[in-house]
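> Provided herewith is a single structure, encoded as structure tokens, for subsequent inquiry.
Each reported figure results from applying straightforward, stated rules to the coordinates on display, with no laboratory input. This structure is a prediction, so every number in the text was calculated from the model and none was measured. Note that we place each Cβ from the backbone using ideal geometry, even for glycine, and neighbour counts take in every protein chain shown.
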Amino acid sequence: MRRLCCLVWMGAILTTPLCPAAEEFKLEKGFVRLDNGKDLKGWTGDKTGWSVVDGAIHLDVEKARGSIYSEKKHSRNVVIRLEFRAAEAADSGVFVHGGQFQVRDYPGSLPDTKKYAPAAKPAGQWNDMQFDVTDRVAVVTLNGKVIEKAWRIGRKADMGIGLQRETGDFDYRYVRLREKE
């Protein structure tokens, strides 16, 4: 009996994962996901240096030559959500209708790229970003805090959402949008 209890106990320990399971992403109602977590299907531009690693679009800045853009077009009234993670001293941008929003070095902080938006998490941690666009003007939030109240998107309605090649390695995941009525 004692041996049986030991075997059951050992079996329980050996079959219990050491780390909790990764949180499964759930797409919000009405949103369309632009990245698929597997490859760069649905993205255009010079994909050199861009890949998908562990479910995220990864930018290897040393190899990359340009930015990439979603093939999915959207209106001027849209909600865009994504997560990003940056290496130390890295920066990138998100293009909306061709207009670029700096993701990490917030406007007014240049040339000192150590000054990031106060809501930004440290290098290596995932950040949540949202663009709530109405009539080509966006309210931008980072980790739930408004960092820009009236950012004007670009005027190129035929361009999808873009991810910029700039400085340092960068990851994007769960890039999604919802058209507003």
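> What does the extension gain come out to for A87 and N143, with contour length at 0.36 nm per residue minus their alpha carbon separation?
18.4 nm
> Shape verdict for region 29-179, please, from the Cα gyration tensor: rounded (a/c under 1.5), prolate (a/b greater than b/c) or oblate.
Note, shape of region 29-179 comes out rounded.
> Calculate the FRET efficiency for D60 and K121 from the Cβ-Cβ distance with a Förster distance of 22 Å, rounded to the nearest 0.05.
On the way: r = 21 Å, r/R0 = 0.97.
After rounding, the FRET efficiency stands at 0.55.
> Tell me which aspartates and glutamates have Cα within less than 13 Å of K29's Cα, excluding those fewer than 8 residues away on the same chain?
E179
> Pulled fully out, how much extra length does the chain show between T167 and V32, if you take 0.36 nm times their separation in residues and subtract their Cα-Cα distance?
Numbers: separation 135, 0.36 × 135 = 48.60 nm, distance 2.85 nm.
Once the chain is fully extended between T167 and V32, it gains 45.7 nm.
> Let me ask something additional. By how many nm would the segment from D39 to E24 grow when fully extended, if each residue of separation counts as 0.36 nm and the alpha-carbon distance is taken off?
Gain on extension, D39 to E24, equals 3.6 nm.
> Separate question: What net charge is computed for the residues neighbouring K29, neighbours being all others with C-beta under 15 Å from the C-beta of K29, Lys and Arg scored +1, Asp and Glu -1?
Computed value for this residue: +3.
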